[in-house]
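The values are calculated or read from the model by the stated rules, or taken from the named source; none is laboratory data. Please read these numbers as outputs of a predicted model, since none were measured by experiment. For neighbour counting, all protein chains shown are included, and Cβ atoms are generated from backbone atoms with ideal geometry for every residue, glycine included.
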Amino acid sequence: MFYKGFGTSALDSKGRFVMPANFRADLRKSCVVETRIQLRYEDNVPYLSVFGDAELAEFRRDSEERTRISRDRGQDFDRVEYDVARSVGTEEVTLDGGGRFAIDRDVRESVGIVDGIVVVGADRFIQLWNPVVYLEKGTRNSVTEKRVRRFMAELEEKRKARAK
């Protein structure tokens, strides 16, 4: 699967985000079970990664290939450690019929996501960013920057309305 494009989503009253429509069809195609998506968080990465559960088979093939290459070169390779490092930060999330999904609060906070996300297609993965961090560190252009700034203004208006 090759994900491309850009979108945004605000946290709804039930604590869910909506995967933008331009990502949903491809994401569902990359799932063995259409409603089962994978969410990955890593230390020292400023975004969350999303992918279909079919990608997990690619993780296994990669691990087997690294094991084979290391063995052929006579190098040590701890496959268990490698597999644990890749899977410990991955959790399954349900994508409902409307494209809504929840992200655990601790996971959201690990990348500073509060009440809005920037969604970016990044080849085999979809990235979920805190809008402010995306403007600081993400790959963008003048159009996506303008969209993110407009989205941030909308989020601020919603925050003010809730505070009243």
query: So which residues in the stretch 129-164 are surrounded by 10 or more Cβ atoms within 10 Å (Cβ to Cβ) and of a type in the set (Ser, Thr, Tyr), if there are any at all?
result: Tyr134, Thr144
message: I'd like the full set of residues that are under 13 Å from the mean Cα position of the chain (by Cα) and in a loop (DSSP other than H, G, I, E, B), limited to the stretch 75-111.
response: Gly89, Leu95, Ile103, Asp104, Val111
- request: Identify all residues within the stretch 41-54 that are of a type outside the set (Ser, Thr, Tyr) and surrounded by fewer than 20 Cβ atoms within 10 Å (Cβ to Cβ); write none if there are none.
  value: Glu42, Asp43, Asn44, Val45, Pro46, Asp53, Ala54
- request: Return the residue satisfying two criteria in turn: it lies in the stretch 1-19 and is among the polar types (S, T, N, Q) and either in contact with a helix residue (DSSP H, G or I) (Cβ under 8 Å, 6 or more places away or on another chain) or modelled with pLDDT of 95 or more (or both), and of such residues it is surrounded by the fewest Cβ atoms within 10 Å (Cβ to Cβ).
  value: Ser9
task: Examine the stretch 117-134 for a residue that is in contact with a strand residue (DSSP E or B) (Cβ under 7 Å, 6 or more places away or on another chain), charged (D, E, K, R), modelled with pLDDT under 95 and not in a strand (DSSP E or B), and state whether such a residue exists.
output: yes
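A quick yes/no check of all residues on (1) part of a loop (DSSP other than H, G, I, E, B); (2) under 15 Å from the mean Cα position of the chain (by Cα); (3) of a type in the set (Ser, Thr, Tyr):
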| position | (1), (2), (3) |
| --- | --- |
| Met1 | yes, yes, no |
| Phe17 | no, yes, no |
| Glu34 | yes, no, no |
| Glu42 | yes, yes, no |
| Ser49 | no, yes, yes |
- line: Given the conditions (1) surrounded by 13 or more Cβ atoms within 10 Å (Cβ to Cβ); (2) of a type in the set (D, E, K, R); (3) under 14 Å from Leu39 (Cα atoms), every one holds for Asp83 apart from (3)
- prompt: Got a number for residues in the stretch 134-157 being within 20 Å of Arg16 (Cα to Cα) and touching a Gly at 6+ places or on another chain (Cβ under 9 Å)?
  reply: 5
message: For Ala25, only one of the following conditions fails: (1) surrounded by 11 or more Cβ atoms within 10 Å (Cβ to Cβ); (2) part of a helix (DSSP H, G or I); (3) under 18 Å from the mean Cα position of the chain (by Cα). What is its number?
response: (1)
